[in-house]
Structure formats: C-alpha cells, structure tokens
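Since the structure comes first, as structure tokens, the remarks are kept for the end.
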Amino acid sequence: MCRFLTYSGPLTLMRPLIFSTENSLVEQSKYSKKRVRPVNGDGFGVGWYPDFDDPEPGTFLSIEPAWSNLNLAHISSKIRTQNFFAHVRDASVGMPVSEANCHPFQYGRFLWMHNGRLDQFNRFKRLLINQLSDKAYAMINGTTDSEHAFALFLDEISFDDTADAVEMERAMIATIRRLMYLRKASGAITNSFINFAVTNGQTTVVTRFVTRRGARPASLFCIKGSLEVRQEGRCEFGLSRDDSQNALVVASEPLTQNEEIWTQVENNHIVIVHPDRRLEIRRIPLPYQGELSLRKEMLQQQKVQALAS
C-alpha cells in the first residue's frame, strides 16, 4: 500500500508539506510510521491546479523514489497552488512499476489517488471492464486496480468534472458499492482496503473503507488550520479565527510530530472538503461485502438498464 496527502487552502508552495514537516510525505516514503512495510519507493506523483485561469491540473510522475528525485524538490519549491494531491507508491504484488501506474491519475479536471488494494483484482477485473463504457475503458493507460476503479467512478459521475460535493459523494459511494458487488460475484472474498481520494479542483472527497467486517483499515487523518512555514522551512499548523486562512489537509499519516492536533478518520467513513473549505466527515452507508445481496444488485442493474433504454 501507499501514502498520500491532499491539500485545499490558501495559495501555498507544495514543497513544505511534501518535504518539510517532521513526518512529511518524502519522510513517509523512506519510513512510514503507520504501516507494517514502511518503505514506499516504487515511484511518486503530484497533481496541482494552476493559480492562473486553467481548470485542469498539471501532474508530475516518476518511477524513482521520492527521496532521490531532485526535480520533485525543485518543482515543488516553485509551484504555488490552492489545491494539490501528492502520492508515494508501494506497488502491489504483480503490479508493474511504471509511470502509467503512478498516482495521481488525471482526467479532465479530476485527480484520483488510492492507498490500499482491491484484493484478488484479477478475479474480478474482467467483470469490471465489461461494465465500463467505451469512454471509460479508453482512458485506462496502466494496469492498476486503482486506475480501473477511477474509470468506474468516471462512469458513475457521467464524466462531469464540474459536479458538486453532493454528486461527487454519491458517485464515490456508488463506486465502492459496485466494486464490492463485482468482487462478491467473482468469488473474491478477502478484504480490500479502499482509501480513495478524488478532486475536481473545487471539491475533494476521501474515503477510509474496508470490505470485510473486523479488518483493520489503512490509516487516514485530517486537519484544519493555518499553515505556517518558518524560515528554516519547517511547517506548523495553528487554528486561525479567519476561516479563509485555514487549510484542510487529509493524509495517510499525521505530517507533524504532534499527532494530537490531527483527527483520525473512523473506519468506513468519508471526508468531504467543500469549495468554501468546510469539512464534513460521515459514515459511508454501505454494509460489508459479505452482507450484500447479489440478487438485489442484479435487479437494480436491470432497472437502470430499463430506464436507460
């Protein structure tokens, strides 16, 4: 599994959160504190929204470890943005290390990341592909379970990259539900770790989810506060009375030494960061995979197809 962070807030350089906190993302790529396997060296990626009039994000991806890539340090110290994603990868078994498999994935205004794995992916991959539209299938460039889930999400949201928070939350939950039904239909019964993150540059939605009751989910934390970058490059968070100065960060691990100021997202919950920087966290209204009814899903799919025709 991997590590990631999302940032929404006042205009800021990317470098401080990626490099300069006590437990920065680059630090996590070398030694993650919340994982059994601590190293995340199978590539990295950043995606950011320009501070000029362009709604589509830029991305920089590499198969090099984040700690050894000089371009990441240079680029992140020059780019200011109000919204960015960053990800360091630990490739799942059988998944090639390639730029096409590095997160975040981008389509139109959307950025997408995943920390976790859709276990036994090869058992239900064909079923998933068969449910995709031609447009969604054509946008897949790599081989990861994560990018295939992104394609499913794009179909759920009808490729509308201007969707509001309500629609993005709905599409995310529907994507997870469909993935669980596909897994169950194919006989994939092991647990999947589903920490997805998606943004369209306005709204950001992040999940912490497992498909099996009793399974321990991948870690996820969030914080709201003013981001202060000191002269020595270190970052600190404080809470500003002026809400417009507060940043919202959702991350696999607390980025600062003081973990008490971070909120741990509960199991099977969703985080919504609104364009006005409101933060909402609520339970995802889905049962565990073993409690799903395949017959009910089939009837629902038939109803949808009938309405479409």
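So if I place +1 on the C-beta of Lys and Arg and -1 on the C-beta of Asp and Glu, and nothing else carries charge, what would the dipole magnitude of segment 41-171 be about its Cα centre? I want it in debye, nearest 20. Charge dipole, segment 41-171, about its Cα centre: 420 debye, nearest 20.
As a proxy for reagent exposure, ranking 211, 203 by other Cβ atoms within 10 Å from fewest up yields 203, 211.
Every number in this text was worked out from the coordinates using simple rules, so none of it is lab data. These figures come from a predicted structure and were not determined experimentally. For neighbour counting, all protein chains shown are included, and Cβ atoms are generated from backbone atoms with ideal geometry for every residue, glycine included.
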